[in-house]
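A short write-up of the structure that comes next.
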Amino acid sequence: MQTNFTAEQLADPHVAEAESILRKCVHCGFCTATCPTYVTLGNELDSPRGRIYLIKDMLENGRPADEQVVTHIDRCLSCLACTTTCPSGVDYMHLVDHARIHIEKTYRRPLMNRLTRNMLAMVLPYPGRFRLALKLAALGRPFAGLFDQVKALKPMAAMLRLAPSKVPPASDFARPATHAAASTRRGRVAILTGCAQPVLDPGINEAAISLLTRLGIEVVVPQGEGCCGALVHHMGREEQALDSARRNVDVWTRAIEEGGLDAIIVTTSGCGTTIKDYGHMLRLDPVYAEKAARVSALAKDVTEYLSTLDLPISESKGLTVAYHSACSLQHGQKVTMAPKLLLKSAGFTVKDPPEGHLCCGSAGTYNIMQPEISAKLKARKVKNIESTKPDVIAAGNIGCMTQIGSATDIPVVHTVELLNWAYGGPRPKALDRRASV
Ligand code: SF4
Ligand code: SF4
């Protein structure tokens with residue numbers, strides 16, 4: 001694509017990067033076919049190609065974001081299906097990241113939209129605040145229908161509906177500690193505790209730590225870890241996202257210096273995609289660039305790391321698992337086969353639901369901020385998954401698990417919970433939801 005930026009504009013490294021991404025797009029439109037918002041809404045401006053044009057026009061003309069740009073960029077799930085499809089290697093992720101920062105700096109959103117976004121940014125990344133908010137939301141749930149009557153309050157209704165009726169107690173595994181290898185030590189890793197996941201489902205990291213230690217891996221939960229910054233990064237709040245990244249880079253650098261790390265294990269793939277991008281996010285920071293690149297290189301999805309450990313073949317569990325491939329794992333990190341191969345080796349029959357490339361509509365805070373599109377994608381996803389007639393659904397991202405779990409009676413578990421069970425750990429509690437499983 002031809003671009004017309006001035007030399008002065010290109011002196012800004014962020015604009016220069018956006019320009020080099022834009023130049024790679026050849027307008028072919030292959031990406032439209034796999035874009036969930038284009039497939040759902042049928043509007044070119046809700047396709048990757050349409051958004052690329054909008055971003056180009058806004059940046060080239062040095063214009064503040066307007067309502068049209070904001071509407072269509074806000075509808076983008078950042079699922080990155082377009083990057084998997086694009087034959088020209090257009091780095092849509094960094095382009096839309098840049099557009100979101102530009103929007104945040106130059107556009108004043110309507111009051112309710114601003115308040116909702118501020119609240120999400122102030123609550124979700126902090127487990128204590130999030131836990132309290134979930135308890136309050138459980139009380140407010142009966143009023144979700146009332147909020148639905150006013151367009152600006154629909155995100156509140158979505159939030160209330162998503163809140164679980166019961167919040168599990170905090171897990172000891174989320175506290176800073178070193179979990180010793182339970183057999184001959186063959187590695188040392190740190191694990192991200194994260195923000196929302198340990199509140200919504202502490203059993204995931206418990207399963208990961210217990211499986212890894214049984215396999216001879218020492219697992220460190222370092223003091224000072226926090227939210228990876230993905231939630232605010234996708235809102236364009238770059239300073240807040242970079243602060244989170246720097247804090248975690250410092251924490252993991254200390255852990256590397258203290259005893260060495262073979263990997264930084266991530267059990268929420270949405271976070272994994274962002275941590276693998278820390279090197280890029282902090283590339284212009286002279287103090288952090290090198291340390292951040294080292295951290296990104298060590299970040300591994302738990303299934304990516306487990307597949308390096310040579311696990312034994314396990315006996316059949318007699319269960320059919322529909323594997324939901326989270327967008328952040330399949331498109332963001334290109335981890336596609338490892339989870340399925342691990343599940344098969346562990347004795348499960350694995351099914352790939354149709355349209356597996358399409359997002360479930362969770363996408364961080366998308367199911368709160370864009371409830372209508374999100375609900376359509378969720379219904380489509382659940383129908384596709386249920387068509388495989390599984391006993392259980394496995395996924396590697398708490399956002400997808402919550403989203404899908406809110407629309408089906410089939411138990412939804414994290415991949416690592418099934419693996420932990422297959423290799424001697426406890427049966428995932430979620431399986432008790434169905435007597436036949
Ligand atoms: S990230 Fe997903 S929703 Fe956004 S343009 Fe690409 S395919 Fe469409
Ligand atoms: S597939 Fe790639 S090159 Fe083609 S229009 Fe989409 S982003 Fe541009």
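The values are calculated or read from the model by the stated rules, or taken from the named source; none is laboratory data. Quantities reported herein were computed from a predicted structural model and do not represent experimental measurements. Reconstructed Cβ throughout: ideal geometry from the backbone, glycine too, with neighbour counts over all protein chains shown. Quick note on the areas: whole protein, heavy atoms, side chains included, nothing else; ligands and nucleic acids left out. Shrake-Rupley method; radii C 1.70, N 1.55, O 1.52, S 1.80 Å.
Charged neighbours of Thr267, selected by a Cβ distance under 15 Å, balance to -4 (K, R count +1; D, E count -1). GNM, the chain, Cα, under 10 Å: largest mean-square fluctuation among Asp66, Asp46, Asp310? Fluctuation is largest for Asp310. Per-peptide packing, taken as the mean over residues of other Cβ atoms within 10 Å, places 185-198, 132-145 in the sequence 185-198, 132-145 from highest down. For the chain, the average shadow cast by the Cα convex hull is 20.4 nm², which is a quarter of the hull's surface.
Tell me the carbon and sulfur percent of the accessible area for the chain, rounded to whole percent, probe radius 1.4 Å. Result for the chain: 55 percent of the exposed heavy-atom area is carbon or sulfur. Rounded to the nearest 20 debye, the dipole size of segment 1-51 about its Cα centre is 220 debye, using +1 on the Cβ of Lys and Arg and -1 on the Cβ of Asp and Glu.
A Förster radius of 60 Å combined with the Cβ-Cβ distance from Lys389 to Leu284 puts the calculated FRET efficiency at roughly 0.75. Over all directions, the projected convex hull of the C-alpha atoms in segment 18-171 averages 11.1 nm² in area.
If you look at the Cα atoms of segment 326-401, you get an Rg and a Dmax of 12.8, 39 Å.
Between 0 and 90 degrees, the angle of helix 92-106 with respect to the longest Cα principal axis of the chain falls at about 60 degrees.
For the pair segment 331-404 and segment 1-45, the centres of their Cα atoms are 28 angstrom apart.
Its alpha carbons considered, segment 184-304 gives a radius of gyration followed by a Dmax of 13.8, 45 Å.
Measure nothing but the geometry: give the 0 to 90° angle between the long axis through the Cα atoms of 48-60 and the longest principal axis through the Cα atoms of the chain, rounded to 10°. Relative to the chain, helix 48-60 is tipped by roughly 50 degrees. Entry for segment 325-367 at q = 0.22, 0.24 Å⁻¹: log10 I(q)/I(0) = -0.81, -0.90, Debye formula applied to identical alpha-carbon scatterers, no solvent contribution.
Each Lys or Arg adds one and each Asp or Glu takes one away; over the other residues whose Cβ falls under 10 Å from the Cβ of Asn367, this sums to +2. For segment 260-372, count all C-alpha to C-alpha pairs, find those more than 26 Å apart, and express that count as a whole percent of the total. Cα-Cα pairs in segment 260-372 separated by more than 26 Å: 32 percent.
Structure note, pairs Lys340/Lys383; Lys24/Lys151; Lys105/Lys166; Lys166/Lys378: Cα-Cα distances above 31 angstrom occur for Lys24/Lys151; Lys105/Lys166. The equivalent ellipsoid that matches the C-alpha gyration tensor of segment 308-437 spans semi-axes of 25, 16, 12 angstrom, in descending order. If you bin all the Cα-Cα distances of segment 79-151 at 10 Å, starting from zero, the percentages per bin are 15, 28, 30, 23, 5.
Projecting the Cα atoms of Ile217, Val413, Ala174 onto the dipole axis of the chain, where Lys and Arg carry +1 and Asp and Glu carry -1 at the beta carbon, places Val413 farthest toward the positive end. If I fit a long axis through the Cα atoms of helix 289-298 and take the longest principal axis of the Cα atoms of the chain, what angle between them do I get, 0 to 90°, rounded to 10? With both axes taken from Cα atoms, the answer is about 40 degrees. For the chain, Cys25, Cys28, Cys35, Cys76, Cys86, Cys360, Cys400 have no disulfide-compatible partner, since no other Cys C-beta lies under 4.7 Å from theirs. Charge dipole of segment 42-112 (Cα centre as origin; +1 on each Lys and Arg Cβ, -1 on each Asp and Glu Cβ, all else neutral): 120 debye, rounded to the nearest 20. Rounded to the nearest 20, the Cβ-based charge dipole of segment 158-317 about its Cα centre (Lys and Arg +1, Asp and Glu -1) stands at 200 debye.
Counting each pair of different Cα atoms once, what's the Kirkwood radius of segment 381-437 in Å, rounded to one decimal?
11.6 Å
FRET efficiency for Ala138 and Met337, Cβ-Cβ distance as r, R0 = 41 Å, nearest 0.05? The calculated FRET efficiency here is 0.60.
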